[in-house]
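The values are calculated or read from the model by the stated rules, or taken from the named source; none is laboratory data. All figures in this text were calculated on a predicted structure; none of them were measured in a lab. Because the Cβ atoms are built from the backbone with ideal geometry, glycine has one as well, and the counts that use them run over all protein chains shown.
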Amino acid sequence: MKKESLSLEMIFFDSEKELETDDFQLLMQARAAAGKAYAPYSRFRVGAAVLLSNGLIILGNNQENAAYPSGLCAERVALFYAFSMYPDEKVVAIAVTALSEKAVINEPLTPCGSCRQVMAEYEKKADLNMRVIMQGQEGPVMVVESMKNLLPFSFLDEYLFKYSDE
Ligand code: THU
């Protein structure tokens, strides 16, 4: 038996004002996208802004549906659109933020597990670290320099190459 441990790295900024200009602008675009979310059921609006290596910024927000599981998170709306249009690009950074009508969100929100899995695969495919910038409506911003800090042990394409006929 052996016990192992790993460490995760994240950076905290007191507010968006401390961010580098590019990250600040990406976050502001994510916030604008959140305002346009279709979230009539949760009233929890999430926005994502994806910076591609060609310099383009792709926006997305959560799209809900009366048949609840048919909806999709902001991160995947943005990433799937980005890779459907620009399949050979890499994601340099993604900003994620949310707006609530119930209370001001003053803590960084981290993407759900399904979105992390999708983000992790695009990072691996690109062989380029994906920076993730996360903030609520205000307050601290959390930044990770790679998806490895948000989803260690993601499910890997290698498993399928090795063990599946697919
Ligand atoms: N949501 C996102 O857009 N991204 C996440 O990472 C987690 C949750 C959305 C899905 C749903 O429309 C609403 O937030 C409440 O779960």
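Key figures for this structure:
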item: Flag if PRO87 is part of a loop (DSSP other than H, G, I, E, B) and either within 16 Å of the ligand (Cβ to nearest atom) or under 18 Å from the mean Cα position of the chain (by Cα) (or both); result: yes
item: Test: residue in the stretch 101-115 that is within 12 Å of the ligand (Cβ to nearest atom), over 21 Å from LYS148 (Cα atoms) and among the polar types (S, T, N, Q); result: no
item: Residues within the stretch 34-51 that are surrounded by 19 or more Cβ atoms within 10 Å (Cβ to Cβ) and in contact with a Lys or Arg (Cβ under 9 Å, 6 or more places away or on another chain), tallied; result: 8
item: Those residues of the stretch 126-149 which are of a type in the set (A, V, I, L, M), within 14 Å of ARG116 (Cβ to Cβ) and part of a loop (DSSP other than H, G, I, E, B), in sequence order; result: MET130
item: GLU75 vs. criteria away from the ligand (no atom under 11 Å from the Cβ), buried (at least 18 other Cβ atoms within 10 Å of the Cβ) and assigned to a helix (DSSP H, G or I); result: no
item: Inter-residue pairs, beta-carbon under 7 Å, first free of Cβ contacts under 8 Å to residues at least 12 places away in the same chain and in the stretch 146-166, second in a loop (DSSP other than H, G, I, E, B), 6+ apart; result: LEU160/GLU166
item: Subset of the stretch 10-61 (residues that are touching a residue at least 24 places away in the same chain (Cβ under 8 Å), away from the ligand (no atom under 16 Å from the Cβ) and outside any loop (DSSP other than H, G, I, E, B)); result: ILE11, PHE12, PHE13, GLU16, GLU18, ASP22, ASP23, LEU26, LEU51, LEU52, ILE57
item: Odd one out for THR97 among (1) within 14 Å of VAL46 (Cβ to Cβ); (2) part of a loop (DSSP other than H, G, I, E, B); (3) among the polar types (S, T, N, Q); result: (2)
item: Condition check for ALA95: within 23 Å of ASN149 (Cα to Cα), surrounded by 21 or more Cβ atoms within 10 Å (Cβ to Cβ) and touching a Leu at 6+ places or on another chain (Cβ under 8 Å); result: yes
item: Failed condition for ASN129, given (1) more than 13 Å from the ligand (Cβ to nearest atom); (2) over 15 Å from the mean Cα position of the chain (by Cα); (3) on the phi < 0 side of the Ramachandran plot; (4) not hydroxyl-bearing (Ser, Thr, Tyr); result: (2)
item: Breaking point among (1) away from the ligand (no atom under 16 Å from the Cβ); (2) surrounded by fewer than 21 Cβ atoms within 10 Å (Cβ to Cβ); (3) touching a residue at least 12 places away in the same chain (Cβ under 8 Å); (4) not charged (D, E, K, R), for SER7; result: (3)
item: Any hit, the stretch 151-164, residues being at pLDDT 95 or above and within 26 Å of TYR41 (Cβ to Cβ); result: no
